[in-house]
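Contents: one structure, followed by commentary.
The values are calculated or read from the model by the stated rules, or taken from the named source; none is laboratory data. Just so it is clear, the structure is predicted and the values come from calculations on it, not from any experiment. Every residue, glycine among them, receives a Cβ derived from its backbone with ideal geometry; neighbour counts consider all protein chains shown.
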Amino acid sequence: MKKLWGWGAIILLCGLAYLWQPEFFQHAYSIIRNGDIVALADYLRSFGTWGIIVTIILFIMMTFTIVFPFMILSGAAGIVYGLFWGVIISWLGEVVGAICMFIFARYLFRQLFECWISKSEYLKQVDEYSATNGFKALLIARLLPLAPSGIITAVAAISKISVKDFILATFIGKLPPVIIKVLLGHDIVFASENKLRLSVIIFSVIIIYLSLWWHKKRKKTIKSTEVKSNDE
């Protein structure tokens with residue numbers, strides 16, 4: 001019954017928000033879907049001082065949709081509010097969006113997934129690991145620049161990570177990727193003026209992911225070697 005009430009409340013809030021400003025949601029969705037950073041920056045600018053609130057609302061909406069990359073909105077924020085305040089606003093928007101999604105997902109889905117977890121030894125181990133090491137695991141996941149934030153939040157919500165650890169890991173872990181996304185989105189638009197910085201950022205992201213791939217491969221090789229040694 002609680003789940004039904006929860007879903008009902010979410011649907012009602014979404015419906016009322018849409019009916020209140022249908023043009024806003026339709027126009028914002030159209031711009032974000034097309035990935036037009038400049039058009040989105042112009043749209044945010046049209047709200048004047050209310051633009052900051054609108055930006056944070058869009059971050060929350062994008063967290064729940066999961067589909068759209070945050071870099072589009074982060075880049076637009078960097079253009080409209082400057083790099084420093086663009087980072088602060090984007091960081092706040094992503095953190096608030098993640099916390100909102102975590103609360104909804106944990107309240108609605110944790111009990112639903114518990115029966116699946118109890119039937120799988122692997123899922124039970126993952127679940128128990130998240131209870132004691134959830135902060136570390138989530139922090140590492142948050143630090144990845146292009147990681148799907150919504151999916152990470154959803155997985156954390158159905159795990160045993162504490163609310164405190166989730167908020168702290170999200171608050172700390174989201175800052176570095178937000179800086180990268182704001183700079184990337186901003187510098188892609190002004191590529192001719194920021195060629196060096198844009199190249200450094202892209203190169204740094206590639207190095208991060210290549211390092212993770214190498215570390216994972218090395219760890220797998222070591223594990224395989226240990227298994228062979230034990231068999232002998």
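Any residue at all in the stretch 53-67 that is of a type in the set (A, V, I, L, M), in contact (Cβ under 8 Å) with a residue 12 or more places away in the chain and not in a helix (DSSP H, G or I)? Taking every residue of the stretch 53-67 in turn, at least one turns out to be of a type in the set (A, V, I, L, M), in contact (Cβ under 8 Å) with a residue 12 or more places away in the chain and not in a helix (DSSP H, G or I).
Where helices (runs of 4 or more DSSP H) fall wholly inside the stretch 151-232, the ranges with 2 or more residues that are more than 14 Å from A141 (Cα to Cα) and modelled with pLDDT under 85 are 175-189, 195-231. State yes or no: is I202 under 24 Å from L58 (Cβ atoms), surrounded by fewer than 16 Cβ atoms within 10 Å (Cβ to Cβ) and in contact (Cβ under 8 Å) with a residue 12 or more places away in the chain? Judged against the criteria, I202 is not a match.
Put simply, of I172, I152, I180 the only residue that is buried (at least 17 other Cβ atoms within 10 Å of the Cβ), under 17 Å from the mean Cα position of the chain (by Cα), over 16 Å from S74 (Cα atoms) and among the β-branched types (V, I, T) is I152.
Check whether at least one residue in the stretch 33-51 is within 20 Å of G185 (Cβ to Cβ), over 20 Å from the mean Cα position of the chain (by Cα), among the β-branched types (V, I, T) and modelled with pLDDT of 70 or more, and report yes or no. Give the steps one after another, and end with the answer.
Step one: of the stretch 33-51, the residues within 20 Å of G185 (Cβ to Cβ) are 33-47, 51.
Applying the additional criterion that residues be over 20 Å from the mean Cα position of the chain (by Cα) yields 38-39, 41-47, 51.
From what is left, the residues that are among the β-branched types (V, I, T) are 38.
Next, only the ones that are modelled with pLDDT of 70 or more stay: 38.
Within the stretch 33-51 (the criterion being within 20 Å of G185 (Cβ to Cβ), over 20 Å from the mean Cα position of the chain (by Cα), among the β-branched types (V, I, T) and modelled with pLDDT of 70 or more), the answer is yes, since at least one residue qualifies.
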